[in-house]
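Notes follow the structure.
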Amino acid sequence: MISVDRALDQILGCVTVLEAEPAPILETLGQVLAEDIYATFDIPPRDNSAMDGYVVRSADTAGASPQSPRLLRVIDTVMAGSISEHEVVPGTAIRIMTGAPIPRGADAVARFEITDAAQRKDATREIAILAEVKAGEDLRRAGEDITKGAKVLSRRTVIRPAEVGVLASLGRAEVAVIRRPRVAILVTGDELVDINKSLPTGKIYDSNTYSLAALVRRYGGIPQVLGLASDSEDLIRAKLNQNLDADMLITTGGVSMGDFDVVKDVLAKEGKLVFWKVRMRPGRPVTFGRLKGRSKAGVAKEIVHLGLPGNPVSAMVTFEVFARPAMLKMMGRENLAKPTIEAIIEESIDNDGGFRIFARAVVAERNGRYFARLTGPQGAGILTSMSRANGLVVITEDRLRVEKGETVPVVMLDWDEER
Ligand code: AMP
Ligand code: MG
């Protein structure tokens, strides 16, 4: 039986970063940029007004005050998106809206608040300026956000909403990103029934397909649901051969003591078993191997296969521990660690076997410190314990018991990824 760390190293050693492909920017959230992005023009493209008001020559406002207003003749109005052909000459102003380009001759904007525009009926013909404006006041300079030729985003940047916006401001509809991994999911077990069918006695609904497909999606992959296979080797193999155009295959079930041979035999004949059984709880019977598959173009390739335990909690926890980092590595992400905090544990936990324990917990903050309490019964079949939890308390292999009040690391399931 190998350790969690060793198992993860072996998995990561077998996965490589996927190829880049162009994608519409809105589809790339959470993906990694595969090209450097340079600006081909200035943003903003021209000097423009930061406020609604009157664009003026600052010298014309010298000494202006409410007691000593400066009267200017208004020669034009310019809205965002249009350009005034007029030049601001001494004694004149142009009414201007936020974002409109600054006309020739002007060097500052007098915002409405320092004019008498609100009191005046003829504010499109004449205006009184009630305060001095300095040269450059309320102007946004061409290129002040992005200068033409500058590298705006670097390859390997993780795309967030702000990056989507920056790409749009540069007029990029598509961008090269590392593509999303396709993760095929196959569940095994004679007792399983598809959720679209009625439930005969003695059977249970397959929940793993859905919790795992949801996890794949959450972490940026594309789930490919292969459906149910019964506990027979031939059926599993037939299912796999139907569809292996994936980057990773996840199976559940068929790996515990009683029926381990089913998945093992498939792996032995269709590929290679790298490890089975990891010193962890839940999740001990997890297996990992490499399967022969084919690409979309029909070219032979290897697909990593994670055989997760059938228990719904074990399947989700082993996904978080092993499948998630493997997926993130494929996507070109550099930080593969889930956000982890230190919390004070509110009950003692035994770890007699020297396993790494992942206990479902609710973490709450009180007075600037985090406290973690377990979600109740920790049976690997109690899926609602996962639903109640917002974190996984980690007890490492070397701790045979953790006492109430001690500090433990907690993997925060709900926290957004760090970059
Ligand atoms: P196994 O690993 O196949 O021995 O399954 C362990 C437990 O998990 C058994 O109680 C199974 O009925 C249950 N189980 C296995 N696969 C699923 C699944 N896809 N959905 C829900 N429960 C499952
Ligand atoms: Mg089974």
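How much of the accessible area of the chain, in percent, comes from carbon and sulfur atoms when a 1.4 Å probe is used?
The value for the chain is 51 percent carbon and sulfur by accessible area.
Residues of the chain: accessible area per residue at 1.4 Å, in Å²?
47 Å²
Whole percent per 10 Å bin, from 0 to the bin with the longest distance: what is P(r) over all C-alpha pairs of the range 1-101?
So the P(r) values, bin by bin, are 11, 23, 16, 13, 11, 11, 8, 7, 1.
Given 0.36 nm per residue, what is the gain on full extension from Arg218 to Arg46 after removing their alpha carbon distance, in nm?
Once the chain is fully extended between Arg218 and Arg46, it gains 57.8 nm.
Relative to 2.2 N^0.38 Å, what does the C-alpha radius of gyration of the range 76-192 come to as a ratio? Two decimals please.
1.87
Project the alpha carbons of the range 1-47 onto their principal axes and report the range along each, largest first, in whole Å.
66, 21, 17
Kindly work out what percent of the DSSP beta bridges joining two residues of the range 268-419 are antiparallel, to the nearest 5.
90 percent
How compact and how long is the range 258-344, expressed as Rg and Dmax of its alpha-carbon atoms in Å?
Rg, Dmax (Cα atoms, Å): 15.1, 53.
Could you name the aspartates and glutamates whose alpha carbon sits less than 20 Å from that of Lys148, not counting residues in the same chain fewer than 8 places away?
Lys148 reaches Glu35, Asp36, Asp42, Asp47, Glu163, Glu174.
For the range 260-329 and the range 364-398, write down the distance between their C-alpha centroids in whole Å.
The two parts, judged by their Cα centres, are 26 Å apart.
For the range 259-407, what is the largest minus smallest coordinate of the Cα atoms on each principal axis, given in angstrom and ordered from greatest to least?
Taking the Cα atoms of the range 259-407, the three principal extents are 59, 34, 28 Å.
Among all stretches of the chain without exposed chymotrypsin sites (Phe, Trp or Tyr not before Pro) (DSSP loop, at most 15 other Cβ atoms within 10 Å), which one is longest?
The longest uninterrupted stretch comes out as 42-414.
Mind listing the phi-derived Karplus ³J(HN,Hα) values for the range 377-392, rounded to whole Hz, using 6.51, -1.76 and 1.60 with θ = phi - 60°, and x for any glycine or proline?
Here the 3J(HN,Hα) series is x, 9, x, 5, x, 8, 5, 5, 5, 6, 5, 6, 7, 10, x, 10 Hz.
Can you find, among Met327, Leu240, Leu72, the residue farthest towards the positive end of the dipole of the chain? Put +1 on the C-beta of Lys and Arg, -1 on that of Asp and Glu.
Leu240
If I model a spin label at Ala118 and Asn367 as a point 7 Å from the Cα along the Cα→Cβ vector, what separation in nanometres do I get?
5.0 nm
With the Cα gyration tensor of the range 159-266 in hand, convert its eigenvalues to equivalent ellipsoid semi-axes via √(5λ) and list them largest first in whole Å.
36, 16, 11
Greater than 21 Å separation of Cα atoms is the criterion. Which listed pairs, Lys151/Lys338; Lys301/Lys338; Lys277/Lys404; Lys239/Lys269; Lys269/Lys301, meet it?
Result: Lys151/Lys338; Lys301/Lys338; Lys277/Lys404 exceed 21 Å.
As an exercise, use a Förster radius of 60 Å and the Cβ-Cβ distance of Asp398 and Ser232 to find the FRET efficiency, rounded to the nearest 0.05.
About 0.90, to the nearest 0.05.
So which residue, out of Ala142, Ala337, Ala118, gets the largest mean-square fluctuation from a GNM of the chain using Cα contacts under 10 Å as springs?
Ala118
Which three numbers, in whole Å and largest first, are the semi-axes of the equivalent ellipsoid of the range 328-371 derived from its Cα gyration tensor as √(5λ)?
Over the Cα atoms of the range 328-371, the ellipsoid semi-axes are 26, 19, 7 Å.
Restricting to the chain, what percent of DSSP beta bridges are antiparallel, rounded to 5?
So the antiparallel bridges in the chain amount to around 65 percent.
Once Lys and Arg get +1 and Asp and Glu get -1 on their Cβ, which of Val411, Leu374, Gly253 lies farthest toward the positive end of the dipole of the chain?
Result: Gly253.
From the mean inverse distance of alpha carbon pairs (Kirkwood) and the Cα radius of gyration, derive Rg over Rh for the range 129-183.
A ratio of 1.23.
For the range 306-320, in order, what is each residue's ³J(HN,Hα) by Karplus, 6.51 cos²θ - 1.76 cosθ + 1.60 with θ = phi - 60°, in whole Hz (x at glycine and Pro)?
Taking θ as phi minus 60°, the curve returns 9, x, 8, x, x, 4, x, 6, 4, 4, 5, 5, 5, 4, 4 Hz for the range 306-320.
Add -39500 (n - 2.57) for each DSSP H run of 4 or more in the chain, then divide by its residues: what number comes out at 222 nm, to the nearest 500 deg cm²/dmol?
-5000 deg cm²/dmol
Can you pull the one-decimal nm distance between simple spin-label points at Leu383 and Asp265, each 7 Å off the Cα toward Cβ?
Label at Leu383, label at Asp265, 2.8 nm between them.
Going out from 0 in 10 Å bins, what whole percent of all Cα-Cα distances in the chain drops into each bin?
With 10 Å bins starting at 0, P(r) equals 4, 18, 20, 16, 11, 10, 10, 8, 3, 0.
The values are calculated or read from the model by the stated rules, or taken from the named source; none is laboratory data. Small disclaimer: the values here were computed from a predicted structure and weren't measured. As a convention, Cβ positions derive from the backbone with ideal geometry for all residues, glycine included, and neighbour counts pool all protein chains shown. The accessibility values were calculated without ligands, DNA or RNA, using every heavy atom of the protein model including side chains. Shrake-Rupley method; radii C 1.70, N 1.55, O 1.52, S 1.80 Å.
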